[in-house]
Every structure is written in structure tokens, then in C-alpha cells.
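What follows is one structure encoded as C-alpha cells, with my remarks underneath.
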Amino acid sequence: MAGGSWFFSEPQPAVTGLVDLTALAWPAVEATHRGLRLAATCTLAELAALDRTGWAAEPLFRECCRALLGSFKVWNVATVGGNLCLALPAGPMAALAIALDGSLEIWRADGTLDNVDAVDLIVGPGETALARGDVLRAIDLPARALSGTTASRKASLRPLGRSAAFVVGRRDIDGRFTIVVTAATAHPYRFRFDVLPTRAGLRAALETIPAWHDDPHGSPDWRRAITLRLAEEIRVELAPDPVPA
Ligand SMILES: Cc1cc2nc3c(=O)[nH]c(=O)nc-3n(C[C@H](O)[C@H](O)[C@H](O)COP(=O)(O)OP(=O)(O)OC[C@H]3O[C@@H](n4cnc5c(N)ncnc54)[C@H](O)[C@@H]3O)c2cc1C
């Protein structure tokens, strides 16, 4: 367990032992020669408080933390890694890690070490590619992605409701464009473009998503429609002047 904000929120009858990852005292955030390294145990409060890192994408840290509408108690214990590994569709740390091309350092239960693209971690609601006993150690965010300009949009049925769609975009210095869809789908989707897509091009890419998530936080049809709208808003926000049609 990490922050325990989900772990202690419901009975865990199958659990026979606990390892407290926060006791390993990993530094929450480290500047590396390749960019930034977030420890899996970095709390949302620590992430949201980051400022003057010098990276253009820094505002996205706060936007993604705010997408999780927990109380200050949750914010102060919930961790980036716990949010990723819980793999809820509305997990905003997945959107952050994927939009910034995060690479996940995983300590395998057999003692080996692995690096996995963040987009490959979550395979369904509550399901990850981790095997029993694997530990997520850190999320490495590369300089190229951190130098990009980012934007995010969230939709939910109620003002303080869980995200029904959470969409993040990034435009790189060289004009490449990335869009990530979470919360509206059972697992995250990432789309890359060599240049800013047209409205129709972006829509065509998003229309390849085969199924939209269905739960009390929103119907599939509405999630599809709102995701297309939010993604278009992001495209326009990140576009150079004038916005391509
Ligand atoms: C009021 C409230 C609102 C919430 N809103 C949201 C929301 O909007 N979106 C959302 O996604 N969640 C939400 N949650 C659920 C949860 O609090 C968060 O997902 C939180 O980020 C989980 O982090 P944690 O560190 O507390 O994880 P924990 O509860 O400690 O662990 C969660 C799971 O991940 C595993 N785990 C944790 N860290 C690691 C690691 N480093 N390696 C491998 N496995 C690990 C644990 O074994 C456990 O199965 C909410 C919870 C509350 C109480």
C-alpha cells in the first residue's frame, strides 16, 4: 500500500500482509539529466505544490491533481503511483503520465527491473499489466514532453463529481501534437500527430475508439460526444494562430 486512501476505504479480505511503500522514503520529485522523476510515493499534494521547475508543462501537474476531487486528507496521502496502480478510469495520474510520455520503472516480484510505457499499464477498469508482487517505483518524464505546451479538460455529471471524461493535450516545440483520453473509456487512449490535426482529422482519430465506458458517472454516448468536444477545445487552445480548420 501507498497512501492507503483507497486501500483502507473498503474491506480487503484477501490481504494477508502489508508493505508500506511510503516507509521507503523515496524522494518525491527528482530532476534528472533526462527530465523529471516522480516517485510512485509522491503525494498529490507534493505534485500540486511543484513550481518553478522551469518546464512548460508544469501547470498540468496541478490540473491533473485537481481532477481528483478528494478532500485535503486524500490529497495529502494519495500517491501518484497508487492512483496509477488502482487503474480507475477516472485516475488523473494516468492522464498525466501518458500525456507526458512517462516511462514507468517497475520492480518485478522476481527481482528484475522493467521500464514500461505509461500507456501500457492500465488495461481495464481496476486492471493493470502488473503481476502480483510487482511494485511501481517511479515515473520518468522526458524533457521533450515536459517542454511542450499542455491543456486539459474535464467533464462530469455533477460539479463535484468524478470525471466522466478527462482529456489532455500537448503540443511540442516542433509542432507535434498528442491527445490522451481517460475516464470516458475503460482504459486510456493516446493519439499522436506529426502536426496539429485538423478538426476532422482529430475527430477521425477519436472515432477509432471502439467502446466508451458505461457506469453511473456517464453513459457511453454522452461520454463519446463530450470527449470529442473537449478534444476540439484543446486543439484550438494549443493551435498556433490562425487555427487550422
Ligand atoms: C473522496 C475520494 C475521492 C476519490 N476520487 C478519485 C478520483 O477521482 N479518481 C481516482 O482515480 N481515484 C479516486 N479516489 C481513489 C484513491 O484515493 C486514489 O486513486 C488514490 O490516488 C490512490 O492512491 P493511494 O496512494 O492512496 O493508493 P492505495 O490506496 O495505498 O493503493 C491503491 C492500490 O494500488 C496499489 N499500489 C499503490 N502503490 C503501488 C505501487 N507503487 N506499486 C504497485 N502497487 C501499488 C495498492 O496495492 C492498492 O491495490 C478517491 C478516493 C476518495 C476517498
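The values are calculated or read from the model by the stated rules, or taken from the named source; none is laboratory data. Keep in mind it's a predicted model, so treat the numbers as computed, not measured. As a convention, Cβ positions derive from the backbone with ideal geometry for all residues, glycine included, and neighbour counts pool all protein chains shown. Heads up: the accessible areas ignore ligands, DNA and RNA and are worked out on the full protein's heavy atoms, side chains in. Shrake-Rupley method; radii C 1.70, N 1.55, O 1.52, S 1.80 Å.
What to note about this one:
- Magnitude of the charge dipole, the chain, Cβ model with Lys/Arg +1 and Asp/Glu -1, debye to 20: 540 debye
- Å² of accessible area per residue within the chain, as computed with a 1.4 Å probe and no ligands counted: 48 Å²
- Net charge in the neighbourhood of ARG162 (other residues with Cβ under 12 Å of its Cβ; Lys, Arg +1, Asp, Glu -1) is +1.
- Per-residue extension of 0.36 nm, minus the Cα-Cα distance of THR208 and ALA109, leaves a gain of 32.1 nm for this segment.
- Taking amide H atoms as placed 1.01 Å from N in the peptide plane, the amide H of TRP6 has no partner under 5 Å among residues 5 or more positions away or on other chains.
- Residue-span extension gain [ARG62 to THR149] - 0.36 nm each, minus C-alpha spacing: 29.9 nm
- Candidates per trypsin sites (Lys or Arg not before Pro) in the stretch 1-92, loop by DSSP, up to 12 other Cβ within 10 Å: ARG52
- GluC sites (Glu not before Pro) within the stretch 205-239, DSSP loop, no more than 10 other Cβ atoms inside 10 Å: GLU207
- Among the trypsin sites (Lys or Arg not before Pro) in the stretch 126-200, those located in a DSSP loop and surrounded by at most 11 other Cβ atoms within 10 Å of their own Cβ are ARG132.
- Residue-count net charge about CYS85 - beta-carbon cut-off 11 Å; Lys, Arg +1, Asp, Glu -1: -2
- Anisotropy class of the stretch 197-240 from Cα gyration tensor, a/c 1.5 cut: oblate
- Shape of the stretch 18-144, Cα gyration tensor, a/c cut at 1.5: rounded
- Note: relative contact order over the stretch 148-238, using C-alpha pairs below 8 Å and six or more positions apart, is 31 percent.
- Maximal additional length on extending the GLU232-GLU10 stretch stands at 76.1 nm, based on 0.36 nm per residue less the C-alpha distance.
- Estimated inter-spin distance, VAL243 and GLU127, nm [label 7 Å along Cα→Cβ]: 3.7 nm
- Estimated D of the chain in µm² per second, where Rh is the Kirkwood radius over Cα pairs and Stokes-Einstein applies at 4 °C, 1.567 mPa s: 71 µm²/s
- Accessible area of the chain belonging to carbon and sulfur atoms, whole % at 1.4 Å probe: 56 percent
- The convex hull defined by the C-alpha atoms of the stretch 148-238 has an orientation-averaged projected area of 5.4 nm².
- Total formal charge among the other residues, if their Cβ is under 9 angstrom from that of ALA184, Lys/Arg +1 and Asp/Glu -1: +2
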